Amino acid sequence: SSLEHSSDDQWDYDIFLSFRGEDTRKSFVDHLYSALVRVGIDTFRDDDALRRGENISTELLNAIRGSRISIVVFSQGYASSKWCLEELAEIVHCKNTKSHTLFPVFYHVSPSDVRNQTGNFAESFARHEERFQKDMMRVKRWRAALTEAANCSGWDLESISNGYEAKFIDKIIKEILHQLHPNRLNVAKHPIGIDFRVVEIKALLHLEKNDVRIVSIHGMSGIGKTVIAKAVYNQVSDGFEGSSFLRDIKETSRQSDGLVKVQKNLLIDILKNRDLPLENVDRGIYLIKKLLARKKVLVVLDDVDHVDQLHALAGNTDWFGAGSRIIATTKDEHLLKQLGKYEKYKVEVLTCTDSLELFCWHAFKMPHPMEDYHELSISVVNYTGGHPLALKVLGSFLVGKSIIEWKSTMEKLQKMPDHDIQKVLQVSFDSLDEATMDIFLDIACFFVGMDVEYVTKILHGCSFFPDIGISNLVRRSVVIIDLHNRLRMHDLIRDIGREIVRESSHKDPGRRSRLWFYEDVLNVLHSEHMVRHLYLCITMCT
């Protein structure tokens with residue numbers, strides 16, 4: 001049965017435990033119940049006090065009907081209890097009429113004995129048939145319930161763990177957690193252009209190999225690195241013993257004890273244990289190495305921007321068990337060199353077709369432009385240069401607006417970038433040192449499309465250390481060097497660089513550090529000429 005249910009369903013419990021108390025209450029079921037509760041699963045364990053009279057009590061009926069999942073522990077004496085069989089009949093009824101899931105556990109009994117009522121189950125039913133000769137329909141209902149329950153997917157102690165109960169319970173807990181909380185992340189409302197990228201990254205992961213591998217997903221801010229990482233995580237996380245998607249590491253690390261918090265989240269996600277003592281980063285490193293070294297895990301480090309974050313969370317491949325995979329999203333394509341050998345995947349801008357579709361979903365709530373808006377849509381898509389965040393922001397802003405408003409917006413964008421887009425993209429160069437920032441602004445204002453060696457000579461004359469500066473900009477996906485050794489920059493990043501210069505003096509271009517717009521240059525030169533001319537006139541008159 002599927003666990004999907006409408007938002008109107010109200011569950012009182014995650015799990016209802018059905019078992020024969022005399023067989024397992026103080027042994028297996030007690031350990032199973034404790035393990036379920038320890039990982040945060042709300043579990044109902046019936047009390048013999050609720051079993052009275054000939055029929056199942058109202059409290060038990062409500063507990064069964066109010067639980068998402070029933071775990072039925074079949075033991076040697078299960079079928080000897082009419083209350084257990086009544087519970088089971090109700091559980092099967094809920095399974096067939098509600099979004100209720102049944103998992104059988106075969107505890108020192110054969111699934112075929114339960115299914116066919118043979119062995120100990122045959123002896124129990126012989127007694128039931130003798131006792132309930134006048135109510136054989138009741139016995140038939142119990143038989144049918146046993147057969148149906150035994151045919152459900154579940155766990156057999158002997159076949160799964162060769163009788164070792166601790167290992168058996170661990171297996172049950174892991175699968176129940178996955179049923180209750182599948183390792184699925186919301187990817188995007190409109191995941192355009194994602195599928196083929198996921199395929200390419202999965203190829204880099206080499207999931208069929210049993211070594212530990214690292215893949216870096218890099219690119220400029222807002223290009224879709226996190227969205228792609230989440231899509232990959234959703235597709236492959238089921239193949240690991242444990243998985244963890246650690247969001248916004250850069251931002252979290254800035255908080256007090258931020259890295260310790262991220263380390264805790266990593267261990268909780270994988271071990272399902274919230275009680276681990278973790279006071280500082282060094283202790284976290286020790287626990288990660290000690291507790292995950294034999295586990296096949298998937299760890300996604302989202303938005304990593306400093307080597308300290310890598311050292312605290314995934315300092316070496318030998319921290320994790322065979323078959324583990326580490327994925328990191330970052331704006332710095334060389335940051336993961338600290339971890340040794342790794343694969344790189346650069347996220348490029350969307351194609352024109354995908355860009356138009358994504359924009360239209362946000363602007364028109366359909367995959368193509370409305371009539372009379374096609375050319376305007378094309379102009380917006382061209383302006384964004386295939387940048388997913390820009391397409392989303394502008395599409396959401398323009399939804400429902402008139403053609404006149406669209407044209408006005410485009411005219412404004414030609415002079416200054418959208419604030420929301422600028423806020424995201426500016427993250428790429430906010431932490432640059434002064435010399436590298438000057439190089440970035442010079443390239444944005446003057447040198448896009450020019451030969452790298454030519455630009456380097458000019459910048460050397462300004463004492464900006466361009467060799468390391470340009471290299472840093474390339475690493476952060478702010479600048480690109482094309483096949484012809486020319487400097488390239490996404491139009492949006494170029495415009496934001498120019499806006500940074502413009503914001504230094506909105507009304508007086510003469511006070512800005514750089515001028516690139518010819519009208520501003522002419523006005524400043526004309527203004528300066530008039531000032532000098534007036535000064536000369538005053539001097540001559542005096």
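The values are calculated or read from the model by the stated rules, or taken from the named source; none is laboratory data. These numbers come from a predicted model, not from an experiment. Heads up, the Cβs are rebuilt from the backbone with ideal geometry, glycines too, and the neighbour counts pull from every protein chain shown. Surface areas here come from the heavy atoms of the whole protein model, side chains and all, with no ligands, DNA or RNA. Shrake-Rupley method; radii C 1.70, N 1.55, O 1.52, S 1.80 Å.
In sequence order, the range 418-427 has phi-based couplings of 4, 4, 5, 5, 4, 4, 6, 5, 5, 4 Hz under the Karplus curve 6.51 cos²θ - 1.76 cosθ + 1.60, θ = phi - 60°, and Gly or Pro positions carry x. Leaving out ligands, DNA and RNA, what percent of the accessible area of the chain is carbon and sulfur, probe 1.4 Å? C and S fraction of accessible area: 51 percent. Judged by the gyration tensor of its Cα atoms, with axes a ≥ b ≥ c, the range 325-385 is prolate; a/c meets the 1.5 cut and a/b is the larger of a/b and b/c. His31 contributes about 100 Å² of solvent-accessible surface, heavy atoms of the protein only, 1.4 Å probe. Using θ = phi - 60° in the Karplus curve 6.51 cos²θ - 1.76 cosθ + 1.60, the 3J(HN,Hα) couplings for the range 369-374 round to x, 6, 4, 6, 10, 5 Hz; x is entered for Gly and Pro.
Accessible surface computed residue by residue for the range 263-400, with neighbouring protein chains in place and a 1.4 Å probe, gives 46 Å² per residue. Descending by average beta-carbon neighbour count within 10 Å, the peptides 298-305, 337-344, 348-355 line up as 298-305, 348-355, 337-344, the highest first.
The relative contact order of the range 38-187 comes to 22 percent, based on Cα pairs under 8 Å that sit 6 or more residues apart. By the compact-protein rule of thumb, 2.2 N^0.38 Å, the alpha-carbon radius of gyration of the range 253-341 corresponds to a ratio of 1.02. Counting only alpha carbon atoms, the long axis of helix 225-236 and the longest principal axis of the chain meet at about 20°.
Which whole-number percentage describes the relative contact order of the range 130-232, with Cα contacts under 8 Å and a sequence gap of 6 or more? Dividing the mean separation by the residue count of the range 130-232 yields 21 percent. Each part gets one Cα centre, and for the range 425-442 versus the range 81-124 those centres are 67 Å apart. Annotation for the range 220-249 versus the range 250-314: alpha-carbon center distance of 16 Å. Kirkwood radius and radius of gyration were both taken over the C-alpha atoms of the range 87-198, and their ratio Rg/Rh is 1.16.
Between 0 and 90 degrees, the angle of helix 120-131 with respect to the longest Cα principal axis of the chain falls at about 60 degrees. Scoring 280-287, 85-92 by mean Cβ neighbours within 10 Å over their residues and listing the highest first yields 85-92, 280-287.
Under the rule of at least 5 residues apart or a separate chain, name every residue whose amide H is placed under 5 Å from the amide H of Thr101. Excluding prolines and chain starts, which carry no amide H, the hits are Ile69, Ser70. Listed cross-link partners Lys230/Lys331; Lys209/Lys337; Lys167/Lys296; Lys174/Lys250 are compared with a 24 Å cut-off, the Cα-Cα value being larger for Lys174/Lys250. Here the contact order of the range 309-438, divided by its residue count and restricted to Cα pairs under 8 Å and six or more residues apart, works out to 20 percent. Sorted on the mean count of surrounding Cβ atoms within 10 Å across their residues, most packed first, peptides 385-391, 62-68 read 385-391, 62-68.
In a DSSP loop and with at most 14 other Cβ atoms within 10 Å, the trypsin sites (Lys or Arg not before Pro) in the range 394-426 are Lys401. For the chain, the longest principal axis of the C-alpha atoms and the axis of helix 165-180 are separated by about 60°. When its C-alpha radius of gyration is set against 2.2 N^0.38 Å (N residues), the chain gives a value of 1.36.
Looking at the chain, the DSSP beta bridges with both ends there are about 10 percent antiparallel.
Taking only the C-alpha atoms of the range 386-448, the Rg (one decimal) and the largest Cα-Cα distance, Dmax (whole number), read 14.7, 45 Å. Ellipticity at 222 nm from helices only: DSSP H runs of n ≥ 4 in the chain, each -39500 (n - 2.57), divided by the residue count, give -15500 deg cm²/dmol. For the range 135-148, putting each phi into the Karplus relation 6.51 cos²θ - 1.76 cosθ + 1.60 with θ = phi - 60° gives couplings of 9, 5, 5, 5, 5, 4, 5, 5, 4, 4, 5, 4, 4, 5 Hz, in residue order, rounded to whole numbers and with x for Gly and Pro.
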